[in-house]
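Student: Pasting a structure here, questions to come.
Values in this text are rule-based calculations from the coordinates and carry no lab data. From a predicted model like this one, the values you see are computed outputs, not experimental measurements. Reconstructed Cβ throughout: ideal geometry from the backbone, glycine too, with neighbour counts over all protein chains shown.
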Amino acid sequence: MAERDGLRRRYLAQQVELGGPEVVLPAAGAQAAGAAGAPMQAARLAAGVARLDIVATRAGAAAKWSENAPPIPGPGLTVVTDLPALVSDALGDSASLAAVAELVASCRKCALCDGRSRTVPGEGNPEARLMLVGEGPGATEDATGRPFVGQAGQLLDKILEAIESPRPSTFIANIVKCRPPQNRKPLPDEMAACLPYLHRQIALVRPKVLIALGSTAAEGMLGVRKSLGELRGKVHRWNGIPLVVTYHPAALLRNPNWKKPTWDDVRIARQLLDG
Ligand code: SF4
């Protein structure tokens, strides 16, 4: 019972994190009265508990990511790359994710190699059904060699948990594998030099759904420079794989108003996983 309640509270807290409207659950001491059917406020008073420790979108054990999820939108852009040629020209016989990471570790194909501490090839489940693509490593990623491990990464972890696709079940990579100086956007020639690694990773993982996190990731995947407003709310196709575009988690930290649309986007992707 306590475990189920804990899970429910964590789920509801995630919904708030993602920008949903707030409701208040009683503190743990009020659970008995609440379970007996008393309204929440009455339960709180009956238990004499003044502390309210959870703020969430809604109360109810049936709460799920799918509730009020937006319908799957119509088609967007279709991108077909010459994967076999691209892969074989750039990567030779590297036939595993580890082999790609090894190539990345010694890569000097663009100027970003000069400023890196570590390369960040990407990581995750080699058989992931959901693959996420970001822009490039930041300071924490450059220091650790792992993608999305800073504050934005922690928010991404929460988002993935909320759609019941926890991070270990996914694969996460970036358009460029080395940190751009001052976290600037990668230049077109840097993206072009690095993209074959990502393409090979996608070919190896063969995800069912792709999510592009932010406009640079979308540009790298779709080959167009358009605003997120133009690219969100559609199901694009990248070599036949459905691709959903949403905000980069770092952008959500700067502007919490984007959490709700992001929540809609990831629930569209989650539905595509089930389709
Ligand atoms: S960003 Fe990519 S292409 Fe450039 S040096 Fe790093 S691994 Fe190589």
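Student: Determine the relative contact order of segment 137-193: mean sequence separation of Cα pairs under 8 Å and six or more apart, normalised by residue count, in whole percent.
Tutor: Once normalised by length, the contact order is 39 percent.
Student: Moving to a separate point now. Based on the Kirkwood radius over alpha-carbon pairs, what is the Stokes-Einstein translational diffusion coefficient of segment 75-274 at 37 °C with 0.692 mPa s viscosity, in µm²/s? Could you put the intermediate results ahead of the total?
Tutor: Working: Rh = 16.6 Å.
D, rounded to a whole number, is 198 µm²/s.
Student: Cα centroids of segment 132-175 and segment 200-271: how far apart, whole angstrom?
Tutor: Computed from Cα coordinates, the inter-centre distance equals 14 Å.
Student: Okay, next question. Could you tell me the relative contact order of segment 75-274? Use alpha-carbon pairs under 8 Å, at least six residues apart, and round to a whole percent.
Tutor: Numbers: 364 pairs, mean separation 54.7, N = 200.
Worked out over segment 75-274, it gives 27 percent.
Student: With a point put 7 Å past each Cα toward its Cβ, work out how far residue 113 is from residue 224 in nm, to one decimal.
Tutor: Label-label distance for residue 113 and residue 224, simple model: 3.4 nm.
Student: Setting aside same-chain residues fewer than 8 positions from residue 208, which lysines have a Cα under 22 Å from its Cα?
Tutor: Partners within reach: 64, 158, 234.
Student: Need one word for segment 65-184: rounded, prolate or oblate. Basis is the Cα gyration tensor (sqrt eigenvalues a ≥ b ≥ c); a/c below 1.5 gives rounded, then a/b vs b/c decides.
Tutor: Because a/c hits 1.5 or more and a/b fails to exceed b/c, segment 65-184 counts as oblate.
Student: Continuing with this model, one more query. If you average 1/r across every pair of different Cα atoms in segment 144-186 and take the reciprocal, what Kirkwood value do you get, in Å? Working shown, then result.
Tutor: Details: mean 1/r = 0.0860 Å⁻¹.
One decimal place: 11.6 Å for the Kirkwood radius.
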